[in-house]
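Have a look at this one before I ask anything.
Readers should treat all values here as calculations from the given coordinates under stated rules, not as data from a laboratory. Please read these numbers as outputs of a predicted model, since none were measured by experiment. Counting neighbours? That spans all protein chains shown, and the Cβs are built from the backbone with ideal geometry, glycine included.
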Amino acid sequence: MSTKARFFSIGAFAMLASFGSASTFVAVSLGTYNNSFGSYYTTAENVLSSVTAPYAALNTLDFTAIYGGSGVTTGSLAVYKNAANTDTLTLAFVGGPFTVSGFNTTSSISGSWNFVSGTGSYASVASGSGTWSASYNALAGSLAQTTFVGDLNPVPEPASMAILAVGALGMARRRRNRA
C-alpha cells in the first residue's frame, strides 16, 4: 500500500471514529394546550413513550409553538426533561401548514426540528435533526399529542481522537526516517 493510500485510510478512519454513531430519538407525549391570543400555543405534556438510549429517559415536554401565516415559525422550542429536571433536551422546530378537520375542532401540523442544547446526559449531544407532528383537539379538553422522531449525534470522543493522532504522528515519523 502506498504512503498516500495509508494516510487516506487513516484520515477516513479518523473521521468515522470521531463522529461516533447517531442515536435514534423518538418521543410521544400527551397533554393539554393553551392557545395564547392565536399567535402561539404552549403545551404541558407527559411523555408516554420514548426511545432515548444511551441518554436518560424523558418524562415531560414543554412545547411553545409560534405561529405565523399558516405554520410554525422560527423561535419555536420543545424542551424535554427527566423527572428530576437534571437531564434536558431542547429542540427548535418549524412546520406547517395546519390541517383542520371536524368543524374546526381538530387540527394537526408537522415539520422538522434541530438540536439546540442539552444538559445532564444530553450535554454530550453535538447535533441532531428529525421530524415532528402535533395534533390538537378542542372537544377533548384542549388535548395535545406531540411526536418527535430523529437522530442525536454525540460529541466526538477525545480519547479516540488522541489515539488516532498519535498513530498518524508515528506513521509520519516512520516515513521521515525512511527518507
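Starting from the 7 Å offset along Cα-to-Cβ, what nm value, one decimal, do you get for the label separation of Val100 and Ser117?
Between Val100 and Ser117, the label points sit 3.6 nm apart.
State, in angstrom, two size descriptors of the stretch 59-100 derived from its alpha carbons: Rg to one decimal place and Dmax to the nearest whole number.
Values for the stretch 59-100 (Cα only, Rg and Dmax): 12.4, 37 Å.
Subtracting the Cα-Cα distance from 0.36 nm times the residue separation, let me have the gained length for Thr86 to Ile163 in nm, one decimal.
Details: separation 77, 0.36 × 77 = 27.72 nm, distance 3.21 nm.
Full-extension gain reported as 24.5 nm.
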